[in-house]
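Report on the structure given below.
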Amino acid sequence: MSSLHLEAKVGDIAETVLLPGDPLRAKHVAETFLDDAVCYNKVRGMLGFTGYYKGNRVSIQGTGMGMGSTSIYVNELINTYKVKNLIRVGTCGSIQESLKLGQVLLAMSASGDSDANSLYFQGMHYAATADFDLLMKAYKIANDLNIKTYQGSVFSTNTFYDDEPNRWEKWQKHGILGVEMETQILFTLAKRFGVKALSVLTVSDNIITGEATSVKDREQSFNDMMKIALELA
Ligand code: HPA
């Protein structure tokens, strides 16, 4: 048996799955960090791999960008493949001066503008929250690896391009650290189906100042983020 958007057989996907937006990043991580990695999905180019990290079985699955695409893969991973730990590994844009390019963020909660959430909750506002156990473990792993992390809230948007010049002001004022496009629906679905989720993010740009990371910084912070996520397996 497989699911609608994944051609893996049940059993091909590990209990812990890392979720980058970019399927080619999944391929890169599988080739760079995993032993005996096998590609289990090529449907729509949304590559997924299962392999071993320090002897522990782990999968890495692209989600595409945005909450619509992410929710398709998260639903199928949980309901067909019985995945138990879902860890987003991605980038975010900082909206705080204190959060600099290249830093690693562990998302405790995610606000957002997902219609899927507002329709589901009939216009009320669900507080999408990370799994505390995964969050604690990631924080401890980062400390042990000497990687400084920032803990806090993110905003998940379905609109990358927007004309509103002061769009992030209110969220900045309410302590949101970064903006990305997937975490809110990941946390919501994980709670709905009784599994664990976390988002580990690196700051790729500052949305207020327009600064963006150099290729070199991106690689360092990307590797830091991946090590934290892979150790969780
Ligand atoms: N907007 C939305 N998502 C993002 C951004 C951004 O500026 N940067 C990284 N992910």
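No value in this document is a laboratory result; all are computed from the given coordinates. Predicted, not measured: the structure shown is a model, and the values here were computed from it. Using ideal geometry, Cβ is built from the backbone for each residue, glycine included, and neighbour counts are taken over all protein chains shown.
In the distance distribution for region 122-233, Cα-Cα pairs more than 21 Å apart total 45 percent.
For the pair Ser98 and Glu219, label points projected 7 Å from Cα toward Cβ lie 3.2 nm apart. What you get for region 41-191, charging only the Cβ of Lys and Arg (+1) and of Asp and Glu (-1), is a dipole of about 720 debye around the Cα centre. For the listed residue pairs Lys9/Lys84; Lys9/Lys196; Lys54/Lys100; Lys173/Lys227; Lys9/Lys227, the alpha carbons are over 25 angstrom apart in Lys54/Lys100; Lys173/Lys227; Lys9/Lys227. For Gln103, the residues whose amide H sits under 5 Å from its own are Val203, ignoring neighbours fewer than 5 places away on the same chain, with H placed 1.01 Å from N.
With a simple spin-label model that places each label point 7 Å from the Cα along the Cα-to-Cβ direction, the separation between Arg167 and Asn79 comes to 3.0 nm. Dividing the mean sequence gap of close Cα pairs (under 8 Å, 6+ apart) by how many residues the chain holds gives a relative contact order of 26 percent.
Ordering Leu135, Leu119, Val38 by the projection of their Cα atoms onto the charge dipole of region 1-145, which places +1 on the Cβ of Lys and Arg and -1 on the Cβ of Asp and Glu, puts Val38 at the extreme positive end.
May I ask you to work out the translational diffusion coefficient for region 16-232 at 4 °C, viscosity 1.567 mPa s, via Stokes-Einstein with Rh from the Kirkwood sum over Cα pairs, reported in whole µm²/s? It would help to have the intermediate numbers written out before the result.
Details: Rh = 17.2 Å.
Value of D from the Cα-based Kirkwood radius: 75 µm²/s.
With θ taken as phi - 60° and the Karplus curve 6.51 cos²θ - 1.76 cosθ + 1.60 applied, the whole-hertz 3J(HN,Hα) list for region 102-112 is x, 7, 9, 10, 9, 7, 7, 8, 9, 7, x Hz, x standing for glycine and proline. Karplus-based coupling profile of region 36-41, in residue order and whole Hz: 6, 6, 10, 7, 10, 9, with θ = phi - 60° in 6.51 cos²θ - 1.76 cosθ + 1.60 and x standing for Gly or Pro. Residues whose amide H falls under 5 Å from that of Val83, counting only those 5 or more places apart or on a different chain, are Ile78, with hydrogens built in the peptide plane. 3J(HN,Hα) along region 166-172, derived from phi through the Karplus expression 6.51 cos²θ - 1.76 cosθ + 1.60 where θ = phi - 60°, amounts to 9, 4, 9, 4, 4, 6, 4 Hz, with x in place of Gly and Pro. Of the beta bridges in the chain, as assigned by DSSP with both residues counted there, near 40 percent are antiparallel.
Ignoring everything except DSSP H segments at least 4 long, calculate the 222 nm mean residue ellipticity for the chain; use -39,500 (n - 2.57) per segment, divide by total residues, nearest 500. Don't skip to the answer; put the middle values down first.
Working: 7 runs with 76 residues, N = 233.
Counting only the DSSP helices, I get -10000 deg cm²/dmol.
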